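In what follows, a single structure is set out as structure tokens and then discussed.
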Amino acid sequence: MAQIGAVARPYAQAVFELAQESGQLDGWSALLGSASQVIKNSDLRAVMRAPGADLGGVASLIAETCGKDPEAAVVAGSAQGSNFFRLLAENRRIEALPAIAEAFEHLKAEVENKVDVVLTAATQVDAGQQVRMTEALKQRFGRDVRLRFEQDENLIGGARLQADDHIIDGSVRTRLAKLASALVN
């Protein structure tokens, strides 16, 4: 996993600089997100991993498929977009697309002064609680917050917040694990 991240960062940085210069941050964001979804297809992954696979053809297929997404179409149909996919194919890096997209989104969020926060809870969190939590996180981080909720019944109770590298874990499961560890030691 760390290796894919190391491979993805330079590509994400280069694409980010290109997108920023051309004023197409949102277009590239949509293209990378769309491409990440396309390569998650198990049939396509099998083709990519086959001996002697035509990765240039795979890159063209990805660009063509992404071109059907209205938000990604402008960049997907550009020379820069097709060259990007061709470059990934030549360097056998197509499978790094999800990590490239994630790194790109992180760079984009920094420039836009936004932070993505994942709220994971054992039970549904109502909209009012999410709004209050968003406001509190805006105060804490000094940035706009995009909150995404995920339900994980394995937490037993409580919640866990993750924003970039910051994790606030108030789940019952974690508290029980800490208590068990303290009792053993």
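The values are calculated or read from the model by the stated rules, or taken from the named source; none is laboratory data. Because the structure is predicted, anything quoted here is derived from the model rather than measured. Here Cβ is always computed from backbone atoms with ideal geometry, including for glycine, and neighbour counts include all displayed protein chains.
Looking at Leu32, Leu55, just one residue is more than 21 Å from the chain's Cα centre (by Cα) and surrounded by 17 or more Cβ atoms within 10 Å (Cβ to Cβ), and that residue is Leu55. Candidates are the residues of the stretch 76-115 that are farther than 20 Å from Gln24 by Cα and not hydrophobic (A, V, I, L, M, F, W, C); the one that is farthest from the chain's Cα centre (by Cα) is Glu90. At least 1 residues being in contact with a helix residue (DSSP H, G or I) (Cβ under 8 Å, 6 or more places away or on another chain) is the threshold, and among the helices (runs of 4 or more DSSP H) wholly inside the stretch 73-185 those reaching it are 73-76, 79-90, 97-111, 172-184.
Gly81 meets all of the listed conditions (1) in contact (Cβ under 8 Å) with a residue 40 or more places away in the chain; (2) surrounded by fewer than 14 Cβ atoms within 10 Å (Cβ to Cβ) but one, namely (2). A residue that is surrounded by 15 or more Cβ atoms within 10 Å (Cβ to Cβ) and either among the aliphatic types (A, V, I, L, M) or in the same structural domain as Leu32 (by TED's automatic domain parsing) (or both) occurs nowhere in the stretch 172-179. In this structure, Leu32 qualifies as hydrophobic (A, V, I, L, M, F, W, C), at pLDDT 90 or above and in the same structural domain as Glu105 (by TED's automatic domain parsing).
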